[in-house]
Each structure stands twice: as structure tokens, then as C-alpha cells.
1. Could you sort the peptides 75-83, 142-150, 218-226 by per-residue average Cβ neighbour count (10 Å cutoff), highest mean leading?
2. Pairs LYS90/LYS160; LYS100/LYS175; LYS2/LYS175; LYS90/LYS162: which are spaced more than 20 Å apart, C-alpha to C-alpha?
3. Across the stretch 147-156, in residue order, what do the Karplus-derived ³J(HN,Hα) couplings come to in whole Hz, using 6.51 cos²θ - 1.76 cosθ + 1.60 with θ = phi - 60° and x for Gly and Pro?
4. Please report the spacing between the Cα centers of the stretch 1-69 and the stretch 154-175 in Å, no decimals.
5. Enumerate the amide H contacts of THR84 below 5 Å, restricted to partners 5 or more residues apart or on another chain; note that Pro and chain-start residues carry no placed amide H.
6. Where Lys and Arg each count +1 and Asp and Glu each count -1, what net charge lies around ASP218 among other residues with Cβ under 10 Å from its Cβ?
7. Treating the beta-carbon of each Lys and Arg as +1 and of each Asp and Glu as -1, no other charges, what is the dipole magnitude of the stretch 76-222 about its Cα centre, to the nearest 20 debye?
8. Around GLY147, under 14 Å between beta carbons, what's the net of Lys plus Arg minus Asp minus Glu among the other residues?
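Please treat every number below as a calculation from the coordinates, not as lab data. Computed from a predicted model, the values in this text were never measured in an experiment. Note: ideal-geometry Cβ built from the backbone for every residue, glycine included; neighbour counts use all protein chains shown.
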Amino acid sequence: MKVLRKGDRGEDVKLLQSLLHVYTDGIFSNMTDEALRTFQRENGLFPDGIAGPKTWAVLDPQQGYTLKKSRRLINEIIVHCTATPEGQDKTVERIRSEHKSQGWSDIGYHYVVYRDGTVHNGRDVDVAGAHVSGRNPHSIGVVYVGGLENVPGVPYASLKAKDTRTQAQKDALLKLLKELRRLYPGARILGHRDCSKDKNGNGIVEPSEWVKSCPSFDAKNEYKGL
């Protein structure tokens, strides 16, 4: 979310004002400045009157991530799942640790959506991710926590793909992808499975051709209208 301060105007200011419960005229005036400083003091934040990442994270956890435009040419936004059993959580720190243990320099994804709908930064968007072989240089990787069924007694390796997204995750993914499309208007939104090779050359990546079922739902069609 954009860093805001006194004198700014626009839709982002209106969102800030609505979260502060002040008049939403889209003008960061003295009234908004005073309300923001009061909020910051009451929540243990430095009362500088600037709505930065830390303030946004407390105002609206779903806005706690930093959204910036990559210096790379981006033509694809690719959605993934973490292949985590339904109902189980996984953090950015844990994913990063797992990826580093495989020899990667950092977490492979740029954004991670938790089960509670909060969005978290992963790898810097200026750095190519490590999420789809051959497509990393010009893509943004977005992952949600989940993607597998959770059946007692069934070994992890035998669990089947399942769309485990909570409503909060669905809402957060939609919002994040809309924001990313505004930053990269020419980029296609795909699921990881849509990046599989079209082996029979019929122009359609069919289920039998998927390298994996990730993200366990049809992201390409669900987000085609964005």
C-alpha cells in the first residue's frame, strides 16, 4: 500500500480515512493527520503522521504488505499453493527455510497469503522468483497456504489436491491480484498447472498434462476477468 502523509489526495487516502473513522473526502488534511497520530500513539507506533507499512499492518492486516512495481518486465502473475494440508498454517519464515535448505537463495514466491487472509512479502519483486522453471525472469509468484486435503491416517505423500482456500484467502487473493494487474496491466494471471507443457500440441494444457495440480483450483478462469 502506498505511503501516505499530509497533503496527499486520492482513493488511498479515502481508504485510510475510512479505517480511521473520519470523513472520507480523499484529502489528507489536519483532521486526518490528527486522527492518524492518535491511532499511532494508541497502538504503540511512532506518531509521525505517516501511513507507512507498519501503520498499515495495524490498521488493516490485509494491507500490511509492501506493494511496489518490479523493475523487471512482468508478463505473468502465477498463482501457487504451498501444498499444505487443510487447516494447517505455514509462515513466510518456514517456507523461506525450506527453500533455502534446497539450495535456493531465498523464498521462491513474492507474496504469501495466510489462512487468515493476511498477505505477506516474500522475495523482493525486483528479484526473479523460483517458482516456475523457465518463467521466473518475467513473472510474479503468489502463493496461498493450503492446497491439500487433510485426512487422518493418510500419509502426506498420498493426500490429494483440494481447494482449501478460506473465504479470507479468497478475498485477499482477489484484492492482491487486482492490485498486481494495475501494476502490470499486460500480465496474464495463471495457475502453476497452466504452465505445464502442452504435450499433444492442441493449444490446451489438459489435466493429464499437468506437472502438478497446484494451485488446486482453476486460477486462470477464476481470474480471467481481472
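1. Values: 75-83: 22.7, 142-150: 24.2, 218-226: 14.4.
Averaged packing, sorted descending, gives the order 142-150, 75-83, 218-226.
2. Numbers: LYS90/LYS160 18 Å; LYS100/LYS175 29 Å; LYS2/LYS175 15 Å; LYS90/LYS162 17 Å.
Check vs 20 Å cut-off fails for LYS100/LYS175.
3. My calculation for the stretch 147-156 gives x, 10, 5, 10, 10, x, x, 8, x, 3 Hz in order.
4. Computed from Cα coordinates, the inter-centre distance equals 32 Å.
5. Distant-sequence amide H within range of THR84: GLY146, GLY147, LEU148.
6. Details: positive: ARG193, LYS220, LYS224; negative: ASP163, ASP194, GLU222.
For residues surrounding ASP218, the net value is 0.
7. Values: 21 positive and 19 negative charges, 21 e Å.
With Lys and Arg at +1 and Asp and Glu at -1, about 100 debye.
8. Working: positive: LYS90, ARG115, LYS160, LYS162, ARG165, LYS170, ARG193, LYS212; negative: GLU86, ASP89, GLU149, ASP163, ASP218.
Surrounding charge for GLY147 is +3.
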